[in-house]
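Report on the following structure.
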Amino acid sequence: MRDAYDVIVIGAGHNGLTLGSYLARSGLDVLVLERRHEEGGGLCTEEVTQPGFLHNIHANYHTFVDLAPPVTDLEVRSHGVEYVRPEVQMASIFEDGTALTVHSDLDKTKESMARFSEKDAETFGRLYSEAHGYIDLLLGTLMYQPPMSVKELTKALAAFGVEDRSEFLSVKLRRESINEFLDQHFENDKIKAHLAFHGAICAYTNDVPGLAIGYPLLVGKIDNWHICIGGSHRLAHALWRDLAQHGGTLVTNAAVSRILVDSGRAVGVRLDDGTEIAARKAVASTVSAEQTFLEFVDAQTVGEEFSTKVKTEVKHKDWTLFSVHLALDRLPQYEAAAFDPDVNRAWVINLGYDSTRVLDADWATIRQGLLPDPRPNAAVNSLYDPTDAPDGFYTGLLRQFAPFSFADGGEGAWEGAGRWYGQRCIEAWQRFAPNLEGGIVDWAVDTPLDITRKLVNMPHGDWMMGEISLDNMLDQRPLPELGEYRTPVEGLYMAGSTQHPHGYITFGPGYNALQVMADDLGIEKWWSQI
Amino acid sequence: MSDIYTDDWYKSVRETINEHVAGLPAKAVPQGEWHAVVEIVGDGASPYVGADDVRRFLIKIENGSCAWYREIDTPNPEVTLDYRFVGPATTFDEIAAGMRDPVDAALDGTVKVRGDMRFLMRQAELVKVLLEAYTTNVETDWPMGKPPYSGAGAG
């Protein structure tokens, strides 16, 4: 590590590495700093149960493969990343033993839905086809560009007369919840439950007003869920390789304690050990707004008013995820396979949400700081990635919607509750797949508190690094002053998942910050060849 | 009237579009220069583009008006492109014939649009005026027949 670089990127999650790679490929001298012992941020794969069982501790679902420009631009496949797109992408198993499956083949999905409602199956087919038609436009407008305002978007939709041309897109979606959208277009409770569940695991909570505006995009990629073979961390390795091959430097175990500001301009960083490194052109932070503006710079530098806004107005999700990682000696055999054999091949499975009402009731419970009766979703990656477990064994993941902080005991109460709740989640799974009794070799929990402890840029267990709501979207995310990736400090940019579009492996925040930095720094945008 | 995709036809298109732009309030017309390529891909149904051919037209937009256009034989011309529109020949023929709405063609993914979508969305009113001018005000001759075509591959 030298004492000066053109650009310093704070945080080596996928956004930091993406931004660093593009800048390095542009000929800039780039340093990426990571406080943890390894790159990747949420792309962490660890043997938390037994040796040889590769558990994706955080990011598991890669839904923007071949949709996000960096996948191609940074040649991640040539750096060793291999994705598989499961044939049976997702399923819901209901309390009455029936099941619905979502396939990579639309016709098969429609066949599954038609067993519950032929009308809904046809509606879904039209929704999928419509959304798939304009997914490039949506991605280009809503994901991989610095954001527009909701007002601008709705004005454009009106000007193009989209409401008259589309069965599903409408200006009024900005006031509607996903529940309302589903109620308008679908009739069957179970189909609606599955579609709402799909929104929820994408962090689009189905009862939040305004989130219907993003729902067509979610449907457009409902069959684009991929597993990163060998664990999600492989992607982090690939991005690091790309950075290194183009002259960039990654330093791990290098926690930033200060962003150095001179005459209102970011000029470098100081590490925990006192080392100071200069940034000739820019500093980009991919960690949380709170860390960046409350820990790394003084309130006087950004102004007391802005500092207070960061403290009080940055919004976080009001629910988080509780995870159980399992080493298995057998694959789950679901009783619902008698109804639909494909559930045994489904990658991500909703266990027990039969209607949006049950889902809504759980959100209400969670928002009160209480634990709902477990209805986890289960994902056995080994079904499609046999490299993630020893021969004859399998890796499993249960994810349960949960509060970060308990009404009684705060977040600290997770210390005592983790194993107990993990056991309950396992029992909930075994209720649908009784053959798992005796088939669990080992298991480990990852509580919401663990999320925040491990990934300190995810306060409140907020795996999306910011609430997904209409007033925390687009150019309002995470605050209007930061919505365009620039900050009150000249030369300091925000490029992590606090920013538009949001968390998940979208590459979007890093890619979009790049556009703004390129404009400001006079970098030729080689990546946007039309 | 001019035969479709001939120089005279493009001249008519350009004049029609520019007349409409000239009638717009100045604030509705963005200032600057943009280059776009329209790629008309032969689909076996349109008689105006060979089944395995692609006809490409490079267009320069200057302050909202079409400054010039020319047919090119490479997908990557010397200029830096701001937009690329790609679609089957039949779809472009149908748009020119006023039988198909270009916004619909983009929304259903038949015509792919690459470039700064944010700018296009922000200029939605202007884009709409230009498309309307193109689809309704240019008189066209169809020497080899007019869509709808009966062949396969029609977009």
*Tally the residues that are surrounded by fewer than 19 Cβ atoms within 10 Å (Cβ to Cβ) and of a type in the set (A, V, I, L, M), restricting the search to segment A:139-161.*
3
_Search result, residues across segment A:519-529 that are over 12 Å from A:P69 (Cβ atoms), in a loop (DSSP other than H, G, I, E, B) and either away from chain B (no Cβ under 13 Å) or modelled with pLDDT under 90 (or both)_ = A:G522, A:I523
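Scan A:V516, A:V441, A:V445 and give me the residue that is part of a helix (DSSP H, G or I) and β-branched (V, I, T). Talk me through it step by step, then tell me what you get.
Numbers: A:V441 fails: part of a helix (DSSP H, G or I); A:V445 fails: part of a helix (DSSP H, G or I).
Exactly one of A:V516, A:V441, A:V445 is part of a helix (DSSP H, G or I) and β-branched (V, I, T), namely A:V516.
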*Tell me, please, whether a residue that is surrounded by fewer than 23 Cβ atoms within 10 Å (Cβ to Cβ), assigned to a strand (DSSP E or B) and in the same structural domain as A:A428 (by TED's automatic domain parsing) can be found in segment A:338-352.*
no
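Quick one: would you say B:R100 is under 21 Å from B:W34 (Cα atoms) and charged (D, E, K, R)?
On the way: under 21 Å from B:W34 (Cα atoms): no; charged (D, E, K, R): yes.
Considered against the rule, which asks whether it is under 21 Å from B:W34 (Cα atoms) and charged (D, E, K, R), B:R100 comes out as no.
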_So B:V86 passes all but one of these: (1) under 17 Å from the mean Cα position of the chain (by Cα); (2) buried (at least 19 other Cβ atoms within 10 Å of the Cβ); (3) at pLDDT 95 or above; (4) not basic (K, R). Which condition number does it fail?_
(2)
_Residue list for segment A:122-134, filter: modelled with pLDDT under 95 and surrounded by fewer than 20 Cβ atoms within 10 Å (Cβ to Cβ)_ = A:H132, A:G133
*assigned to a helix (DSSP H, G or I) and touching a Phe, Trp or Tyr at 6+ places or on another chain (Cβ under 6 Å): does that describe A:I191?*
yes
*A:P488, sole failed condition from (1) surrounded by fewer than 24 Cβ atoms within 10 Å (Cβ to Cβ); (2) modelled with pLDDT under 95*: (2)
*Could you tell me whether A:T275 is out of contact with any strand residue (DSSP E or B) (no Cβ under 6 Å at 6 or more places or on another chain), closer than 30 Å to A:M1 by Cβ and among the β-branched types (V, I, T)?*
yes
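Yes or no: A:K221 closer than 30 Å to A:A364 by Cα and in contact (Cβ under 8 Å) with a residue 24 or more places away in the chain?
Values: closer than 30 Å to A:A364 by Cα: yes; in contact (Cβ under 8 Å) with a residue 24 or more places away in the chain: yes.
It is true that A:K221 is closer than 30 Å to A:A364 by Cα and in contact (Cβ under 8 Å) with a residue 24 or more places away in the chain.
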*Subset of segment A:112-142 (residues that are among the hydrophobic types (A, V, I, L, M, F, W, C) and facing chain B (nearest Cβ under 8 Å))*: A:I135, A:L137
_Residues that are over 14 Å from the mean Cα position of the chain (by Cα) and surrounded by 12 or more Cβ atoms within 10 Å (Cβ to Cβ), drawn from segment B:55-75_ = B:E62, B:N63, B:G64, B:A67, B:I72, B:P75
*asked:* Here's a check for you: in segment A:363-381, which residue that is under 21 Å from the mean Cα position of the chain (by Cα) and without any contact (Cβ under 8 Å) to a residue 60 or more places away in the chain is surrounded by the fewest Cβ atoms within 10 Å (Cβ to Cβ)?
replied: A:R367
_Residues of segment A:22-60 that turn out to be in a strand (DSSP E or B) and over 29 Å from A:L398 (Cβ atoms), as a count_ = 4
*Looking only at strands (runs of 3 or more DSSP E) that fall completely inside segment A:211-288, which ones have 1 or more residues that are under 27 Å from the mean Cα position of the chain (by Cα) and buried (at least 16 other Cβ atoms within 10 Å of the Cβ)?*
A:249-251, A:256-262, A:276-285
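Identify all residues within segment B:52-85 that are of a type in the set (D, E) and within 14 Å of chain A (Cβ to nearest Cβ); write none if there are none.
Let us first name the residues in segment B:52-85 that are of a type in the set (D, E), namely B:52-53, B:62, B:71, B:73, B:78, B:82.
Within segment B:52-85, B:E78, B:D82 meet the criteria.
Please state which one of B:T91, B:T135 is within 23 Å of B:N18 (Cα to Cα), among the hydroxyl-bearing types (S, T, Y) and more than 12 Å from every other protein chain (Cβ to nearest Cβ). Reasoning before the result, please.
Values: B:T91 fails: within 23 Å of B:N18 (Cα to Cα).
The conditions single out B:T135.
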_I need the full set of residues from segment A:407-449 which are among the charged types (D, E, K, R) and closer than 18 Å to A:G396 by Cβ, in order please._
A:R419, A:R424, A:E427, A:R431, A:E437, A:D442, A:D446
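Just to be sure, is A:F168 outside any helix (DSSP H, G or I) and within 13 Å of chain B (Cβ to nearest Cβ)? Don't jump to the end; show me each part of the working.
On the way: outside any helix (DSSP H, G or I): yes; within 13 Å of chain B (Cβ to nearest Cβ): yes.
Against the criterion (outside any helix (DSSP H, G or I) and within 13 Å of chain B (Cβ to nearest Cβ)), A:F168 qualifies.
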*Identify, from the list A:S263, A:S307, A:S285, the residue that is farther than 30 Å from A:E415 by Cβ, free of Cβ contacts under 8 Å to residues at least 12 places away in the same chain and not acidic (D, E).*
A:S263
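For segment A:489-513, how many residues are within 14 Å of another protein chain (Cβ to nearest Cβ) and in a loop (DSSP other than H, G, I, E, B)?
Residues meeting the conditions: 2.
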*Any chance you could count how many residues in segment B:112-131 are aliphatic (A, V, I, L, M) and over 19 Å from A:E163 (Cα atoms)?*
2
_Please go through segment B:104-132 and give me each residue that is at the interface with chain A (Cβ under 7 Å from one of its Cβ atoms), surrounded by fewer than 17 Cβ atoms within 10 Å (Cβ to Cβ) and at pLDDT below 90, ordered by number._
B:E125, B:K128
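The values are calculated or read from the model by the stated rules, or taken from the named source; none is laboratory data. Because the structure is a prediction, the values reported are computed rather than measured. Note that each Cβ is placed from the backbone with ideal geometry, even for glycine, and that neighbours are counted across all protein chains shown.
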